[in-house]
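A short worksheet on the structure shown next.
The values are calculated or read from the model by the stated rules, or taken from the named source; none is laboratory data. Computed from a prediction, not measured in an experiment: that's the story for all the values here. FYI the Cβ positions are ideal-geometry reconstructions off the backbone, even for glycines, and counts take in every protein chain you see.
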Amino acid sequence: MKEVRGVPYIKPERRKKYEKVLGELISILKSLPVEQVDGELNYVITKILKEVYPLRYFHINRAMGVLECIKQEFYRRVAAPYEDIKIKESGDV
């Protein structure tokens with residue numbers, strides 16, 4: 001099967017190179033007081049995007065698309081299943 005570019009599902013062997021640095025970053029973020037996490041996570045993500053994407057409209061547009069896809073993927077994989085559990089526990093609206 002041909003690999004599809006740009007999807008969040010990268011092969012396990014390609015994930016290995018990120019595990020150590022992600023583990024360290026996650027540990028730092030989890031150690032913060034809850035009221036600091038959002039701002040620091042925003043800083044980290046913004047810094048990564050600014051370093052990875054060159055400063056041109058084309059790349060800014062790509063970065064915004066990536067952020068939108070991340071938002072939708074997080075909703076689909078995390079928020080929606082959580083909401084389904086809560087509907088079963090408490091009933092639907």
Taking residue 78, is it assigned to a helix (DSSP H, G or I), touching a helix residue (DSSP H, G or I) at 6+ places or on another chain (Cβ under 8 Å), surrounded by 10 or more Cβ atoms within 10 Å (Cβ to Cβ) and β-branched (Val, Ile, Thr)?
no
Kindly list the number of the only condition in (1) out of contact with any Leu (no Cβ under 7 Å at 6 or more places or on another chain); (2) within 27 Å of residue 26 (Cα to Cα) that fails for residue 63.
(1)
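Being in contact with a helix residue (DSSP H, G or I) (Cβ under 9 Å, 6 or more places away or on another chain), β-branched (Val, Ile, Thr) and within 26 Å of residue 9 (Cα to Cα) narrows it down to one residue among 21, 52; which is it?
Of 21, 52, the one residue that is in contact with a helix residue (DSSP H, G or I) (Cβ under 9 Å, 6 or more places away or on another chain), β-branched (Val, Ile, Thr) and within 26 Å of residue 9 (Cα to Cα) is 52.
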Going by what's in this entry, would residue 52 be described as surrounded by 10 or more Cβ atoms within 10 Å (Cβ to Cβ), at pLDDT 95 or above and under 12 Å from the mean Cα position of the chain (by Cα)?
no
